[in-house]
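The values are calculated or read from the model by the stated rules, or taken from the named source; none is laboratory data. In this text, all values refer to a predicted model and were calculated from it rather than measured experimentally. Ideal geometry is used to build each Cβ from the backbone, glycine not excepted, and the neighbour counts take in all protein chains shown. Heavy atoms of the whole protein, side chains included, go into the accessibility calculation; ligands, DNA and RNA do not. Shrake-Rupley method; radii C 1.70, N 1.55, O 1.52, S 1.80 Å.
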Amino acid sequence: MKKYLAVALGILTAIGGFVDIGDLVTNAVVGSRFGMSMGLVVVVGVLGICVYAEMSGRVAAVSRRATFDLVRERLGPRLGMLNLTASMLVTFLTFIAEIGGVALSLELVSSVSYLLLVPFVAFVVWLVLWRAKFSHMENVLGLLGLCLIVFSVALWQLGPDWGDYVSQAARFAKPGGEKWTTWAYYAVALFGAAMTPYEVFFFSSGGVEEKWTPEDLGVMRANVFIGFPLGGLLSLSIAGVATAVLLPQGIGVDSLGQVGLPVAVALGKIGLAILIVGFVAATFGAACETGLSVGYSIAQYFGWQWGKYVTTREATRFHAMILVSTLAAVAVLLTAVDPILVTEASVVFSAVALPLTYFPILVVANDPDYLGEYVNGRLANGLGLVYLVLLTVVAVAALPLMVITGMGA
Amino acid sequence: MGRSVAGLLVAPLLLTTGCGLVPARPDAAAWRDTASTALDDAVALVGTASMVLREEERQHVLGGYGVATLVHAEDAMGKAVDSVDTLQPPASIEKEASHVSDLLAEADDAVQTAREALVSGDQASYPRLRHHLDALHDQLQKAGGTL
């Protein structure tokens with residue numbers, strides 16, 4: 001019974017923790033401009049994150065060591081440093097976006113400018129990362145993140161033409177006024193949002209924090225193969241409500257308030273209240289995950305003691321890194337840079353860094369020295385290779401598309 | 001020595017007088033690109049303001065949500081107006097440019113008025129404001145389509 005509860009809790013937190021500010025904004029922007037024509041991009045992105053999260057979770061459970069810990073050892077310091085630099089910069093950018101996202105979410109209920117809320121939010125994030133238990137943090141925020149299911153309820157309530165939605169997704173039916181380059185730019189952004197690098201770092205480091213063993217592989221796979229796709233359905237629901245309500249009015253999304261308007265239209269005050277709880281939980285949870293991931297990646301690369309499963313005194317450099325990155329994130333946000341713009345940039349740069357993040361995982365997951373009998377099978381390797389090619393194409397195309405389209409303008 | 005100092009003082013002065021501030025002067029196609037983006041943004045923001053007022057009338061919006069959304073819309077509207085007003089349009093499209101500029105200014109005012117009405121809780125004015133916003137929405141879409 002206890003095991004079933006653990007599986008259920010893991011799946012629920014995986015769903016609730018799947019969506020972050022990047023998913024919220026990018027899916028809403030895409031739905032409001034391109035309808036459901038990028039539905040398949042989300043599906044491909046979710047399958048990709050499942051493939052690689054399973055690998056990195058397996059590595060953590062069998063070797064009892066996290067991804068970066070092994071990347072440097074297996075691939076050497078130079079490639080390890082390249083991997084660290086690319087992934088860490090993108091994760092830090094995402095961390096900034098998430099803190100900004102929490103502040104924007106709180107602004108929607110408090111009417112206090114998000115700039116005034118940023119230091120307060122960052123302090124609470126740091127306090128949670130310093131003091132809260134890993135499992136409490138993950139479970140509470142993951143479960144509260146389930147409030148975002150209100151997007152799916154709103155979509156059902158709006159009652160769109162489901163056949164038309166499926167047809168748009170299947171035909172990549174781009175609206176006539178949009179260019180294909182712009183469509184491709186947002187497809188890259190959506191893919192980057194679904195496969196954000198921090199998700200695998202956090203997943204594998206979290207496995208070490210929670211002391212996974214090969215016996216936990218079943219629970220881990222249930223989290224990945226049930227929780228993540230259901231989280232992906234939330235992403236599609238965000239795009240779905242934007243398609244139903246915002247697209248017909250020509251309302252392109254450039255603020256978090258606009259993302260929630262379709263829920264207000266469909267469900268009124270109660271729906272909106274639940275949504276705001278979901279916004280705060282999803283962005284706060286992701287801020288904690290990205291903050292930890294910055295600390296994880298640096299500490300694991302340099303071989304420092306890390307994690308919340310040891311006392312703060314034992315992992316002082318790890319916690320110092322988290323503190324420094326939190327302060328740096330506040331400094332960036334207080335320049336009044338638009339957090340939504342940071343979010344859009346972070347998902348595109350995520351796409352650029354994807355091969356550097358995922359290639360080492362594929363290598364380590366094939367190494368019998370670390371994984372013994374649990375090395376990748378044919379299916380995992382086949383899918384891993386297909387995705388690696390796709391990730392490389394996406395990474396090469398991301399920056400030129402960003403320049404050509406003027407960030408999708 | 002005195003000449004050198006005088007030279008150092010005069011040279012930057014001469015340089016800066018030759019670099020007066022002038023607005024960017026795009027050609028007609030580049031101006032239309034910028035104007036088209038600004039009009040698209042204005043359509044989105046005027047539509048947002050109308051939707052917020054409608055949902056406020058239906059009592060579907062919580063406390064500060066509508067105000068926060070419209071504050072962002074007002075800010076973005078100001079940027080859209082600036083993006084066009086800071087350009088010097090070519091003489092050949094002066095009339096068209098003036099029409100777009102006037103429409104954007106009207107949209108800016110309308111979003112601001114909607115935000116003010118929301119802050120003051122003047123619910124009686126919502127239907128009138130919404131009617132105006134919806135009419136503007138159509139005009140902005142039409143203007144964007146003819147560029």
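Which pairs turn up if I take residues in the range A:286-303 that are on the phi > 0 side of the Ramachandran plot and look for partners that are open to solvent by 10 Å² or more (accessible area, probe 1.4 Å) and assigned to a helix (DSSP H, G or I) with beta carbon separation below 9 Å, at least 6 apart in sequence or on another chain?
Pairs found: A:Gly303/A:Asp69; A:Gly303/A:Arg72.
Output the residues belonging to the range A:195-236 that are open to solvent by 10 Å² or more (accessible area, probe 1.4 Å), polar (S, T, N, Q) and under 18 Å from the mean Cα position of the chain (by Cα).
A:Asn223
Residue by residue, here is whether (1) within 26 Å of A:Leu371 (Cβ to Cβ); (2) polar (S, T, N, Q) holds:
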| residue | (1), (2) |
| --- | --- |
| A:Leu24 | no, no |
| A:Val29 | no, no |
| A:Phe34 | no, no |
| A:Leu47 | yes, no |
| A:Ala53 | yes, no |
| A:Glu73 | yes, no |
| A:Gly76 | yes, no |
| A:Leu79 | yes, no |
| A:Ser87 | yes, yes |
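When the residues of the range A:236-256 are filtered to those that are among the small types (Gly, Ala, Ser) and at the interface with chain B (Cβ under 7 Å from one of its Cβ atoms), which remaining residue is nearest to A:Ile149 (Cα to Cα)? Steps first, answer last, please.
Taking the range A:236-256 and keeping what is among the small types (Gly, Ala, Ser), we get A:237, A:239-240, A:242, A:244, A:250, A:252, A:255.
From what is left, the residues that are at the interface with chain B (Cβ under 7 Å from one of its Cβ atoms) are A:250, A:252, A:255.
Details: A:Gly250: 25, A:Gly252: 22, A:Ser255: 20 Å.
So, considering only residues that are among the small types (Gly, Ala, Ser) and at the interface with chain B (Cβ under 7 Å from one of its Cβ atoms), the one nearest to A:Ile149 (Cα to Cα) is A:Ser255.
Kindly list the number of the only condition in (1) in a helix (DSSP H, G or I); (2) open to solvent by 10 Å² or more (accessible area, probe 1.4 Å); (3) away from chain B (no Cβ under 14 Å); (4) touching a Gly at 6+ places or on another chain (Cβ under 7 Å) that fails for A:Phe284.
Failed condition: (4).
Just need a number here: residues in the range A:287-320 that are assigned to a helix (DSSP H, G or I) and closer than 19 Å to A:Met137 by Cα. Steps first, answer last, please.
Here is the first cut: in the range A:287-320, the residues assigned to a helix (DSSP H, G or I) are A:287-302, A:316-320.
Filter once more, so that each one left must be closer than 19 Å to A:Met137 by Cα: A:287-296, A:318-319.
Total satisfying the criteria: 12.
If we keep just the residues of the range A:257-271 that are within 8 Å of chain B (Cβ to nearest Cβ) and open to solvent by less than 10 Å² (accessible area, probe 1.4 Å), which is nearest to A:Ile49 (Cα to Cα)?
It comes out as A:Gly260.
Could you say whether any residue in the range A:375-383 is of a type in the set (S, T, N, Q), in a helix (DSSP H, G or I) and under 20 Å from A:Met81 (Cα atoms)? Before you say what the answer is, go through the steps one by one.
Kept after step one, since they are of a type in the set (S, T, N, Q), are these residues of the range A:375-383: A:376, A:381.
Narrowing further to those that are in a helix (DSSP H, G or I): A:381.
Of the ones still in play, those that are also under 20 Å from A:Met81 (Cα atoms) are none.
No: zero hits.
Which one of the conditions (1) farther than 19 Å from A:Tyr185 by Cβ; (2) touching a helix residue (DSSP H, G or I) at 6+ places or on another chain (Cβ under 6 Å) does A:Pro77 fail to meet, given that it meets all the rest?
All conditions pass for A:Pro77, except number (2).
Give the number of residues within the range A:114-142 that are closer than 17 Å to A:Phe279 by Cβ and within 14 Å of chain B (Cβ to nearest Cβ).
Total meeting the criteria: 2.
Kindly provide the set of residues from the range B:120-141 that are loosely packed, with under 14 Cβ neighbours inside 10 Å and within 13 Å of B:Leu70 (Cβ to Cβ), ordered by number.
Matches in the range B:120-141: B:Ser120 only.
Yes or no: A:Val330 assigned to a helix (DSSP H, G or I) and either among the hydrophobic types (A, V, I, L, M, F, W, C) or crowded, with 23+ Cβ neighbours inside 10 Å (or both)?
On the way: assigned to a helix (DSSP H, G or I): yes; either among the hydrophobic types (A, V, I, L, M, F, W, C) or crowded, with 23+ Cβ neighbours inside 10 Å (or both): yes.
It is true that A:Val330 is assigned to a helix (DSSP H, G or I) and either among the hydrophobic types (A, V, I, L, M, F, W, C) or crowded, with 23+ Cβ neighbours inside 10 Å (or both).
Could you go through the range B:60-77 and let me know if any residue there is more than 10 Å from chain A (Cβ to nearest Cβ), in contact (Cβ under 8 Å) with a residue 40 or more places away in the chain and charged (D, E, K, R).
As a first pass, look at the range B:60-77 and keep what is more than 10 Å from chain A (Cβ to nearest Cβ): B:74, B:77.
Checking which are in contact (Cβ under 8 Å) with a residue 40 or more places away in the chain leaves us with B:74.
Now restrict to residues that are charged (D, E, K, R): B:74.
Taking every residue of the range B:60-77 in turn, at least one turns out to be more than 10 Å from chain A (Cβ to nearest Cβ), in contact (Cβ under 8 Å) with a residue 40 or more places away in the chain and charged (D, E, K, R).
Here is a check on your reading of the model: is A:Leu275 more than 17 Å from the chain's Cα centre (by Cα) and in a helix (DSSP H, G or I)? If you could, list the steps in order and put the result at the bottom.
Values: more than 17 Å from the chain's Cα centre (by Cα): yes; in a helix (DSSP H, G or I): yes.
Spelling it out, A:Leu275 is indeed more than 17 Å from the chain's Cα centre (by Cα) and in a helix (DSSP H, G or I).
Okay, residues lined up against (1) closer than 22 Å to A:Leu117 by Cβ; (2) touching an Asp or Glu at 6+ places or on another chain (Cβ under 6 Å); (3) aliphatic (A, V, I, L, M):
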{"site": "A:Pro248", "(1), (2), (3)": "no, no, no"}
{"site": "A:Ala264", "(1), (2), (3)": "yes, yes, yes"}
{"site": "A:Gly271", "(1), (2), (3)": "no, no, no"}
{"site": "A:Phe279", "(1), (2), (3)": "yes, no, no"}
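Here's the yes/no breakdown for (1) at pLDDT 85 or above; (2) within 18 Å of A:Thr85 (Cβ to Cβ); (3) surrounded by 19 or more Cβ atoms within 10 Å (Cβ to Cβ):
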{"residue": "A:Phe302", "(1), (2), (3)": "yes, yes, no"}
{"residue": "A:Thr312", "(1), (2), (3)": "no, no, no"}
{"residue": "A:Ala320", "(1), (2), (3)": "yes, no, no"}
{"residue": "A:Ser325", "(1), (2), (3)": "yes, yes, yes"}
{"residue": "A:Leu341", "(1), (2), (3)": "yes, no, no"}
{"residue": "A:Val348", "(1), (2), (3)": "yes, yes, yes"}
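List pairs: first in the range B:34-52 and more than 7 Å from chain A (Cβ to nearest Cβ), second basic (Lys, Arg) and open to solvent by 10 Å² or more (accessible area, probe 1.4 Å), Cβ under 6 Å, 6+ apart or cross-chain?
B:Ser50/B:Arg130
May I ask you to list the residues in the range A:140-156 that are over 24 Å from A:Leu5 (Cα atoms) and open to solvent by 30 Å² or more (accessible area, probe 1.4 Å)?
Within the range A:140-156, the first condition is being over 24 Å from A:Leu5 (Cα atoms), and the residues that meet it are A:151-156.
Answer for the range A:140-156, where residues must be over 24 Å from A:Leu5 (Cα atoms) and open to solvent by 30 Å² or more (accessible area, probe 1.4 Å): A:Ser152, A:Val153, A:Trp156.
Would you check which residues across the range A:272-281 are surrounded by fewer than 20 Cβ atoms within 10 Å (Cβ to Cβ) and facing chain B (nearest Cβ under 8 Å) and list them?
Once the filter is applied, which keeps residues that are surrounded by fewer than 20 Cβ atoms within 10 Å (Cβ to Cβ) and facing chain B (nearest Cβ under 8 Å), the range A:272-281 yields only A:Ala273.
Which one of the conditions (1) closer than 21 Å to A:Ala409 by Cα; (2) open to solvent by 10 Å² or more (accessible area, probe 1.4 Å); (3) more than 14 Å from every other protein chain (Cβ to nearest Cβ); (4) at pLDDT 90 or above does B:Glu106 fail to meet, given that it meets all the rest?
The single condition B:Glu106 does not satisfy is (1).
Select from the range A:245-256 the residues that are assigned to a helix (DSSP H, G or I) and open to solvent by 40 Å² or more (accessible area, probe 1.4 Å) and list them in ascending order.
Selection gives A:Leu247, A:Pro248, A:Gln249.
Does A:Val200 meet the test of being part of a helix (DSSP H, G or I), within 14 Å of chain B (Cβ to nearest Cβ) and under 24 Å from A:Gly100 (Cβ atoms)?
Values: part of a helix (DSSP H, G or I): yes; within 14 Å of chain B (Cβ to nearest Cβ): no; under 24 Å from A:Gly100 (Cβ atoms): yes.
It is false that A:Val200 is part of a helix (DSSP H, G or I), within 14 Å of chain B (Cβ to nearest Cβ) and under 24 Å from A:Gly100 (Cβ atoms).
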